Amino acid sequence: MKFVRLEAPADIARLQQLLERCSDYYELHEGCPTPSDAGEYELTFVPPNYVPDDLHVFAFEDERGVLQALLQLYRNCPQPGTWWIAFLVVAPELRSRGIGVQLLQHGLGIIGATSIRLAVSIHNPRGQKFWEAAGFRDTGKVADVTARNGHVDTVRILSLRAPSSRA
């Protein structure tokens, strides 16, 4: 698979196709199937007090150019020097094959992150195991996150310090 950086508007339609294949993610985190504007939203949404250059979206595409996995990150979030993994998803038929870990390694290598955080749903034990196997540790913080449609999901905050940042 080829590692690529996604940009709006060029990649919106093919990202939408991947996200519709991964509707289980939206059903878990947002309580509904993939929204019809998810591809555009994931490639363009920037939280308040951030700028478009803070958003980085990477993917793996197959030999036909079909997206198979997505990694979305925000720079300096929630604080300067920290990256936030907002989204990582792998096509259902390709899960448990190491693709998520490979995408994560490629993405973190490109951005050179040394401090990374993320939130994982308490209703997603498989996701929690994935992140812990990738080296993330539970910070002990739990929060309620409200999706743009109003659905509330309870999440655990995990963090990782890249090896190059350790003394």
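Read-outs throughout are calculated quantities, based only on the coordinates presented, and are distinct from any laboratory measurement. Note that this is a predicted model, so its numbers are computed, not measured. Ideal geometry is used to build each Cβ from the backbone, glycine not excepted, and the neighbour counts take in all protein chains shown.
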Positive-end residue of Y26, L55, A134, charge dipole of the range 22-148 with Cβ unit charges = A134
task = Provide, in order from the shortest bin, the percent of all Cα-Cα pairs of the chain in each 10 Å bin, continuing until the bin that contains the maximum pair distance.
result = 10, 40, 41, 9, 0
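Grab the other residues whose beta carbon is less than 15 angstrom from that of V120, score K and R as +1, D and E as -1, and report the net.
Details: positive: R117, R126, K129, R137, K141, R156; negative: D24, E30, E132, D138, D144, D153.
Computed value for this residue: 0.
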key: Residue order, fewest to most surrounding Cβ atoms within 10 angstrom, among D62, D144   = D144, D62
remark   = DSSP beta bridges in the chain: the antiparallel percent, rounded to 5, is 90 percent
message = Give me R137, R75 sorted ascending by neighbouring Cβ count inside 10 Å, so fewest comes first.
response = R137, R75
key: Whole-Å distance, taken between Cα centres, linking the range 65-88 and the range 89-115   = 10 Å
Residue of E27, E40, E61 that the Gaussian network model of the chain assigns the largest fluctuation, springs spanning Cα pairs under 10 Å = E27
